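Student: Please see the structure below; I have some questions.
Bear in mind these aren't lab numbers, they're just calculated from the coordinates by the rules spelled out. Just so we're clear, the structure is a prediction, and the values are computed from it rather than from any experiment. Every residue, glycine among them, receives a Cβ derived from its backbone with ideal geometry; neighbour counts consider all protein chains shown.
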Amino acid sequence: MRKLTFIAAVVAALVPSAPALALDGEWTVQLSTEAGNGAKDCQPNYQWDVILAAGQVTHGGDASTGASGWMTSDGLASFSFVVGQDVFRAQGKWKGNAASGAWSSPSKYCGGRWKAAKK
């Protein structure tokens, strides 16, 4: 049993964990609607807080909203938000403590621009 524990400890020490990125932390993401069924289905603006840890996005606010996605060290960003049956997808780029790009919602038939800022 001690041999198995030792092997597990050695393997754990050798497997690198995901590195922390300078952009890790709390971010506020704001979506602005520019096209689609804005008056009927889409609000003019949406806002969610997210937490970024080792480049992976998780939701940090309201439990009724799911968030996932990633930001890479070379500046790419991709998020998805799920609110009930509605899905919002955002892609873009980040630089420094800010990010921006385009978003769309296949469930609400609308889209626009988004921006994010690190808190």
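Student: Which number in (1) loosely packed, with under 15 Cβ neighbours inside 10 Å; (2) in contact (Cβ under 8 Å) with a residue 60 or more places away in the chain; (3) within 13 Å of the chain's Cα centre (by Cα) marks the one condition that residue 99 misses?
Tutor: Result: residue 99 passes all but (1).
Student: Inside the range 32-77, can you point out the residues that are over 15 Å from residue 22 (Cβ atoms) and among the hydroxyl-bearing types (Ser, Thr, Tyr)?
Tutor: 32, 33, 46, 58, 64, 65, 68
Student: Another question, if that's okay. Just for the range 69-88: of the residues that are on the phi > 0 side of the Ramachandran plot and over 11 Å from the mean Cα position of the chain (by Cα), which one is surrounded by the fewest Cβ atoms within 10 Å (Cβ to Cβ)? Quick ask: steps written out before the conclusion?
Tutor: We begin by selecting, within the range 69-88, every residue on the phi > 0 side of the Ramachandran plot; these are 69, 75, 84.
Checking which are over 11 Å from the mean Cα position of the chain (by Cα) leaves us with 75, 84.
Details: 75: 12, 84: 9.
Across the range 69-88, the extreme among qualifying residues is 84.
Student: Also, I was wondering about something else. Please go through (1) touching a Ser or Thr at 6+ places or on another chain (Cβ under 9 Å); (2) touching a residue at least 24 places away in the same chain (Cβ under 8 Å) for residue 30 and return the number of the only condition it doesn't satisfy.
Tutor: So residue 30 meets the others, but not (1).
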